[in-house]
Structures are given as C-alpha cells and as structure tokens.
1. Over the Cα atoms of the range 211-329, what Rg and Dmax result, in angstrom?
2. Can you put Phe16, Phe214, Phe190, Phe23 in order of accessible area, largest first, using a 1.4 Å probe?
3. When every alpha-carbon pair in the range 57-169 is counted, what percent end up more than 19 Å apart?
4. Name the most mobile residue of Ala229, Ala299, Ala204, meaning the one with the largest mean-square fluctuation, in a Gaussian network model of the chain with Cα contacts below 10 Å.
5. From the helices alone, meaning DSSP H stretches of at least four residues, give me the mean residue ellipticity at 222 nm for the chain, per-run term -39500 (n - 2.57), in deg cm²/dmol to the nearest 500.
6. Go ahead and run the numbers for FRET between Ala32 and Leu57, Cβ-Cβ distance against an R0 of 35 Å, rounding to 0.05.
7. Relative contact order of the chain: what whole-number percent is it, with Cα pairs under 8 angstrom and at least 6 residues apart?
8. In what sequence, highest mean first, do 257-265, 281-289 appear when ranked by Cβ atoms within 10 angstrom?
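The values are calculated or read from the model by the stated rules, or taken from the named source; none is laboratory data. Quick caveat, the model's predicted, so the values are computed rather than measured. When we count neighbours, we look across all protein chains shown, and the Cβ atoms used for this are built from the backbone with ideal geometry, even at glycine. Side chains included, ligands, DNA and RNA excluded: accessible areas come from the protein's heavy atoms. Shrake-Rupley method; radii C 1.70, N 1.55, O 1.52, S 1.80 Å.
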Amino acid sequence: MTPTIPSVRSRLSASFVAFVLGFALANLAIFAVPPPDQVLGVVVAALLMATAAWGVLVADSPRPISVWAVLGAEAFAVFTLVPLLWLVTLATGDGGTPTSLWPQAWGGGGFRSLADDGAVRDAAALSVCAAGLATLVAALPSLGLAALIVRTRWLPRRLVRTIAIASTLLPGVALAVGGGDLVLGLGGPFEGSALLRVALVQLAIAVPLTTWVFTAALGAVPWSVVDSARVDGAGPFGIAVRVLVPTVGPALVVGMALTVVVTAQDLALAASVTGPQSTTLPVLLLDRAQDPSSVALVAATGICWALPVALLALVVPRTITRLLGGSYR
C-alpha cells in the first residue's frame, strides 16, 4: 500500500496551529507562571514553535511526513507526562498540596508512609487475589465459548463478541447495586470471606473480558493442523501440547494477565460487597484521598500500583494490541 503524502496546505495549517499554541503558551509561562514551572512551560512552547518552523521547511517535501501527526504525538506526550509528573510531585512531598508542578523536594514522604501502612498492603493483596481468582474461574468457560465462536458457523459470532466487549465497557456502577445485593444475599462462605465476595461479583468483568481476548487469541490457531492431529489419533492433551500451547499459549497468558489488571482496578463492584475493615485497594484509596494529610500516601500507592501495568505494556505491547483489537492474526 502506497503511503499518502500530505498536502502542502495540510502541513502549513498544522504548522500555523503549532506556532499559535507555542506562542500563547510561551506568553502564559513568562507572564503568569512562577518558577520552576515557568521553565517547563517555556520548554514546551519552544518545542511547539520548533515544530511549526520544521513544518514550514518540509511543507513541499515528497516524503509522507504529517505535521499533524507530529503535533498530535507532542500533545499526547504532554497530556500523558504532565499528570505523571504531578503524581510524582505529590508522592515525594511530605504532606499537603504542593505549590508547583515540578517537585521542590525529592523526599520520600509518601513512599515511607506506604511502607509502614499495613492496611494498604492488605487491600492490595485482596485486590490482586480476588482479581486472580475471578480470572481463573472465568478462564475455562470463556475458553470454551471462545473456541465455539471461532470454530462454529451457526453461532452469531459478531453478536456474541459485541455483547462481550459491551459488557466489558459497561460501567461497574450500573451493576454495583444489583450485583452486590445478589452476592451479599448468598450467605454461607461468602458472608465471612471478602475474597470470595469480591471475586464472585467481579466475574461480571472477568467473564466477558476473557471471552473477548481468548476469541482474539484462538483466531490464530491453525485449526487444520488441529484436525489433522486429531485424525492421526492425538488426544486433547497431545493437541494442546503440540499445537495450542506453542501457537497461542503466550497470548492466553497475556490475556489472563490483562484480565487480572483490569479487574483489580474495579471500584464500584468491590465497594458494593466490602466494608471498612476489609476492602480492595481502589476503594481504600478513594476513602484516603478525602484526607489532605494522606495525599502523598495515595499518590505513592498509585505509582506502585501502576508499575506492573506499565511493565506489562512495555514487555508485550504488540500482543496486547492484537488481543484488545479483537484479532491476534
């Protein structure tokens, strides 16, 4: 496929927008923002104005270079890194709300408090264990349904996959009251175990999400090879070891890890079945955030909670993109 070469008008328009944004930000930083944040504003403004100058220079270039794409990448970087910098500033403070975006003191106040806070560790353990249990319980039926979706022609595949992704995107608060009442009404072992209650109610997230990612993964299975192996006398275990594990085993593991990550972030469903003495980390942090003296602790916990997610995204970004995109091919 031949790449499209942007027009001169498109490049000049993007350059004009970049210059206007950079000029406005530079004036705002110089006249309205005190140091040290003033330096950050000037740096970003200089980058935008440099992009504008570069866009004018390459306006008639035959290369498929889009100045709009470069401008979008810069906006993405700014609106991603600035909140992260503010989170670091909050976490490294010793309490209270900082007065500047750039950290003024690189103390470890929030991280020291996190190391001494047993309630946060217990809540994090409950979140991870409940999400892991919900994912394990959801994996087997979801794998069977995903195989059925991929292999059969009579099943309305598009409808089932649409329902699966729609259920995943459905706000948890819409299910919180009904799901919480159902789980709390069961009694028995669920009455005395927050882990079982949270895992059960979070199946509403785990089942559709695992179905979605497993369907994408199983789409890459060479089913003709599977059928040939079955004709040659291979049993389910042999087929799994020789064909399925080498082909989509890593993708299934990544899909389950994604499900654990997404399920562990749930707030509404977990809040509906837990109490003040035993709760998940998102619910606990929401409660702690109401106390100004706990801002550094909450920010430090958020950074530590995000590290495994960032590591997963850095290690297997292509697999994640294919699974969430619905096609592993």
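1. Calculated on Cα positions, Rg and Dmax stand at 20.1, 68 Å.
2. Correct descending sequence by accessible area is Phe16, Phe23, Phe190, Phe214.
3. Numbers: 4662 of 6328 pairs.
Every Cα pair in the range 57-169 considered, those over 19 Å come to 74 percent.
4. So, out of Ala229, Ala299, Ala204, the one fluctuating most is Ala229.
5. Working: 17 runs with 245 residues, N = 329.
After summing the helix terms and dividing by the residues of the chain, the value is -24000 deg cm²/dmol.
6. Values: r = 31 Å, r/R0 = 0.89.
The calculated FRET efficiency here is 0.65.
7. Details: 401 pairs, mean separation 72.4, N = 329.
It rounds to 22 percent for the chain.
8. On the way: 257-265: 22.6, 281-289: 19.1.
Packing proxy ranking, top to bottom: 257-265, 281-289.
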